[in-house]
Amino acid sequence: MRKASKVKKIILLFGALLLLALAVAGCGSASEETKGSASEPKKIVIGTGNGFKPYCYLDDQGKLAGYELEVLQEVNKRLPQYKFEFETMEFKNVLLSLGTGKVDIGAHQFEKNPDREQKYLFSDESYTTFILRIIVAKNRNDINSIEDLHGKTVEVGEGSNDAYVLEKYNKEHGNPIKLVYTSGVDPVTIIKNIEDRRTDAFISIKRVVDSYNKAYGDKLKTVGTPIATSSTYYLYRKEDTQLKADIDKVLKEMKADGTLAKISIKVLGGDYTSND
């Protein structure tokens, strides 16, 4: 009986040790799983354009290229907790996609205006400056100010800040300017409309006009004083305050160490990263 009792104790002890070993192994496995999931970067989908060269466009291979891409790739290098993915679309659809949750960041050289600020969360840190000017045909001399646009036809991008600026001007001055809206940025069509006088002017920035002249012939010029000066920002949904704060921190670092200016010089041909 003593021998049987001793065997029974040994079996019970062995069973207890086996259960303990399994429990420890199980804890270890859960710990590794948690560790793996904690280190997995969070996917962030960025909505940007497909035809606004040199800011966001598709190259000859159909791949996204431009300033937006290069800045955000550098931001992502400094924020390993996120994995950025890019969705390209027409300009008018970027903020619609942000509002519906299809993308997490709007990146298309967005400037501030009250309508956008009501719906979306803007970065604190800007990353480009925009000085809007009137653009006309090279051989045209009758338009030199915004007042000269009275009775004229001006092409603007649907939902763009240039449209907002001229809509605001029209509202304050009795709608003297006829606005023609386009859904995307097509330089060939814009220039053709100017040449054929289907439109009299459009609103843009000098560096974009310089790039158009270089690519499509010396056909355009800027006239008059700037009609608006502003900066550009990334846009987020109102609740995404942590994502905004993380990216703002990195943008501030990139300004301080000169990285943002270097990207601007490389892609845009000059340092257009501040209002100074």
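Scattering from segment 130-230 was approximated by placing one identical point on each alpha carbon and applying the Debye formula without solvent; log10 I(q)/I(0) at 0.11, 0.16, 0.20 1/Å stands at -0.28, -0.61, -1.00. Across the chain, Cα pairs under 8 Å and at least six residues apart give a relative contact order of 24 percent. Distance from a point 7 Å along Cα→Cβ of ARG78 to each backbone N in segment 118-149: keep the residues under 15 Å and list them by number. The answer is 124-128, whose backbone nitrogens lie closer than 15 Å to the label point.
Between LYS119 and ARG197, the simple spin-label model (points 7 angstrom out along Cα→Cβ) gives 3.7 nm.
Potential lengthening of the chain between LEU179 and LYS42 amounts to 45.1 nm, from the contour at 0.36 nm per residue minus the alpha-carbon distance.
DSSP beta bridges confined to the chain are antiparallel in about 55 percent of cases.
Here are some values of Cα extents along the principal axes in Å: (1) 64, 37, 35; (2) 118, 37, 35; (3) 55, 46, 32. Which one was computed from this structure? Evaluating Cα extents along the principal axes in Å on these atoms matches (2).
Using 0.36 nm per residue and subtracting the Cα-Cα separation, the extra length available between TYR216 and ALA245 on full extension is 6.4 nm. Computed over Cα pairs, the Kirkwood radius of segment 73-135 leads via Stokes-Einstein (0.692 mPa s, 37 °C) to a diffusion coefficient of 239 µm² per second. Each label was represented as a point 7 Å from its Cα along the Cα-to-Cβ direction; for GLU167 and VAL223 these points are 2.6 nm apart. Every Cα-Cα pair in segment 204-246 was counted, and those over 15 Å apart are 61% of them. Top mean-square fluctuation among SER183, SER264, SER126, Gaussian network model of the chain, C-alpha springs under 10 Å? Comparing SER183, SER264, SER126 in a Gaussian network model of the chain, the most mobile one is SER183.
For the chain, adding -39500 (n - 2.57) for each run of n ≥ 4 DSSP H residues and dividing by the number of residues yields -14500 deg cm²/dmol at 222 nm.
Between segment 84-127 and segment 138-207, what is the C-alpha centre distance in whole Å? Using only Cα atoms, the two centres lie 23 Å from each other. Projected label points at VAL188 and LYS112, each 7 Å from Cα along the beta carbon direction, are separated by 3.9 nanometres. Across segment 130-230, the relative contact order, built from alpha-carbon pairs under 8 Å that are at least six residues apart, equals 52 percent. With r as the distance between the Cβ atoms of LYS63 and LYS138 and R0 = 30 Å, compute the FRET efficiency 1/(1 + (r/R0)^6) and round to 0.05. That pair, LYS138 with LYS63, gives E of 0.35.
Each reported figure results from applying straightforward, stated rules to the coordinates on display, with no laboratory input. This one's a predicted model, so the numbers in the text were calculated from it and none came from an experiment. With ideal geometry, Cβ positions are generated from the backbone for all residues, glycine too; neighbour counts draw on all protein chains shown.
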